Every structure is written in C-alpha cells, then in structure tokens.
1. Residue 94 fails exactly one of the following numbered conditions: (1) crowded, with 21+ Cβ neighbours inside 10 Å; (2) within 25 Å of residue 331 (Cβ to Cβ); (3) out of contact with any helix residue (DSSP H, G or I) (no Cβ under 6 Å at 6 or more places or on another chain); (4) modelled with pLDDT of 80 or more. What is the number of that condition?
2. Just checking, does the stretch 130-141 include any residue being under 21 Å from the mean Cα position of the chain (by Cα), more than 24 Å from residue 202 (Cβ to Cβ), in a loop (DSSP other than H, G, I, E, B) and modelled with pLDDT under 95?
3. Of all residues in the stretch 253-263, which are surrounded by fewer than 23 Cβ atoms within 10 Å (Cβ to Cβ) and in contact with a strand residue (DSSP E or B) (Cβ under 7 Å, 6 or more places away or on another chain)?
4. Can you list residue pairs whose Cβ atoms sit under 6 Å apart, with the first residue in the stretch 346-372 being on the phi > 0 side of the Ramachandran plot and in contact (Cβ under 8 Å) with a residue 24 or more places away in the chain and the second being surrounded by fewer than 14 Cβ atoms within 10 Å (Cβ to Cβ) and outside any strand (DSSP E or B)? Count only pairs 6 or more apart in sequence or on different chains.
5. Restricting to the stretch 60-86, and then to whatever is at pLDDT below 85 and within 25 Å of the chain's Cα centre (by Cα), can you tell me which residue is nearest to residue 358 (Cα to Cα)?
6. Among the residues of the stretch 49-59, is any surrounded by 14 or more Cβ atoms within 10 Å (Cβ to Cβ), in contact with a helix residue (DSSP H, G or I) (Cβ under 8 Å, 6 or more places away or on another chain) and either modelled with pLDDT under 75 or not in a loop (DSSP other than H, G, I, E, B) (or both)?
7. Would you mind telling me which numbered condition in (1) buried (at least 21 other Cβ atoms within 10 Å of the Cβ); (2) at pLDDT 95 or above residue 273 fails?
8. (1) under 21 Å from residue 105 (Cα atoms); (2) modelled with pLDDT of 95 or more: which one isn't true of residue 348, the others all being true?
C-alpha cells in the first residue's frame, strides 16, 4: 500500500512533458534543435568541475585527473583528540575509474567512467535497495547507464544516459523513469530542480518557503538555465547570460539579497550577480565562481566556512579568493565545529586544494600533499 501511494505521488510529481522548448525560445530565430544542442553543451560544461569534489560528515572527497577517488578528513588542523578519533590528515585512495562524486551527511555516491553508479553510507530508509545493513561501509553497485546523480536526505535522483530521470528513496524502489530529456538535477529537502536539454528549469515537491504546504504539481521556473544547485531550503540557478538567480529560505542570508527586514522567504527568483559560471547552494550558504575565477560566498558563517576572515553571517556576496575552478562546502547550524564539521574546500586552476572553516581557519589555507592533477 505504501509503495502504491508513493508511486501515485511521483506519477503526479513527474508526469509531465519536460523535453520541449517553449514558444519564446522558438521565436528567437534559432532553430529549437540547434538551440537545445547548444544548451546541453553549456549545461554539462557548467557542472563538470563542480562534480569532482564533495564533503560529508565522514570524508573530504576529490576525483583526481587520473579518475581516482581520494577521501579522508584532510581539510583540518589535526589535534590529539582528532587523531584519536581516526583522523589522519592524509588522503586515502578509495576507488579507480571514477568520473564524479556526490556526498551528503553520511552518504557517498560515486559515478564511474563506465556510467555505473555506486553507493556507500547510511541506508536507514533503504534508498540503496532492500539491504539489511543500516550502514553500508563498502561501495555497492546500484544502477548502470547513469549520466548525472543527485542526493538529499534519503532520496536518490539519477539521470540515465538516455535522458530519463529515475528516483529512489524512503523505502521506495522502482525501475520506471518519471520524465525524459533531462540534463541536470539538484535536490533539496523533499524537492528537486530539473533542467531539460533545452535549458528549461522546473521545480517539484515541497515549496515550504512559499505556500507552507506540499506542491505536487511541477512548477516552471525559468528558461535558458545552464546550472542549478539546491541547498536544504533555498535554490540557485545560472542563466546562459551568466546571471545568478536565487530564491527560497533566507534566514542566514543564503540568498545574497542584502539586509532586508523580514525577508526570511523569497518566493520568486531574484537576480543576485552577473558573470557567474558555477554555483554551489550549501546547507545554509551559497558560493559562486565568476568568469574571472573569483570565488564569492554568503550566508551562514558561524564556523568561518565562508572564508572571509570572520564568523559573521553574510547577507550579500563577499569575495573570498581568486583563480578557483570548483568548490564544495558542508555546513550545519550546530554549536560545535567538530560536531557540525562546517568547512569548505576549493580547487584552484593549478590543481591545488584550499580549505577553511571548522571554527579555527577563517581564511583559505592550502592543503599539502594532494593535487587535482597527477604528476
């Protein structure tokens, strides 16, 4: 009965045509097929490097240029207590033939170069299938022919190589696709943002920040989208002209719309800044990389995870560092840096990795002994 109810929910949620270009695009003078091909290339390029790095409670993770996955807690200042807890400060080789990595809390998802998807970590809601383990320490093969994957609190969203979106989570396992012509997906709490091959952005699931109730019907957000990233309760998107847009939860300033009284929610997308090529919506903060390689951050900063030299929440974008090609951040609103693990890692164009946060490192610091590029 439960599975049937969930199937009805997702049939309503994803049962619509995602793959068509709208009339406005067709009137632009560019044939729809040509435009869609251009958008697919732009969307893939915008997210390519951001998928090489990830953070969760257990690991800092990076996919090196030889497609090896390395993990461990190496973005940290070691103390006797942390050493006693098993933190080595040294990266450990975990897997080979890896294309990208996604991490959230106690879960890691690895997409290999042959498009197979592997999972490791917490399995309390059986999102990895009907396994007896509550925690899976060794990687388990989940799907084949996967191009893009997203995860958020028990739900796995996988785009297959044929453009179809598959969903698994909360005890629900089904091998039927829910929509087609999808190029990118990002997930928040009980919601997902889907980008189609023509650059159309759709939202589905919970819109608690707008109507305070579940919105089952899909909602069109905007077109010409090349990148999307969803935090726990806020969302961001980059359009083809390089403009960054944000909407949703704004308690900690994660939207970057400035000091605006009683603006805890922003229902519709608001333009934040220009010339953006990559964006990361963290748990309660946001990072953006501009075309000149500069990294900007705003939102929750209680542990110094923004890297601006303070532990003050920022409601507007603040420049952090230059020459950045990718960034990943893990933030909570816990009161202990060791419990919250709130820190950020960035990759510069020379392959060097930099970290900050944990309530102790307020500016970017280079990590010794690891580089994106292999000698």
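1. Unmet for residue 94, out of (1) crowded, with 21+ Cβ neighbours inside 10 Å; (2) within 25 Å of residue 331 (Cβ to Cβ); (3) out of contact with any helix residue (DSSP H, G or I) (no Cβ under 6 Å at 6 or more places or on another chain); (4) modelled with pLDDT of 80 or more: (1).
2. Within the stretch 130-141, none of the residues are under 21 Å from the mean Cα position of the chain (by Cα), more than 24 Å from residue 202 (Cβ to Cβ), in a loop (DSSP other than H, G, I, E, B) and modelled with pLDDT under 95.
3. Across the stretch 253-263, the qualifying residues are 257, 258, 259.
4. Listed by first residue and then by second, the contacts come to 351/373.
5. Among them, the one singled out is 76.
6. Checking the stretch 49-59: not a single residue is surrounded by 14 or more Cβ atoms within 10 Å (Cβ to Cβ), in contact with a helix residue (DSSP H, G or I) (Cβ under 8 Å, 6 or more places away or on another chain) and either modelled with pLDDT under 75 or not in a loop (DSSP other than H, G, I, E, B) (or both).
7. With respect to (1) buried (at least 21 other Cβ atoms within 10 Å of the Cβ); (2) at pLDDT 95 or above, residue 273 is out only on (1).
8. (1)
The values are calculated or read from the model by the stated rules, or taken from the named source; none is laboratory data. Everything numeric here is computed off the predicted structure, so don't read it as measured data. Neighbour counts run over all protein chains shown; Cβ positions are idealised from the backbone, glycine included.
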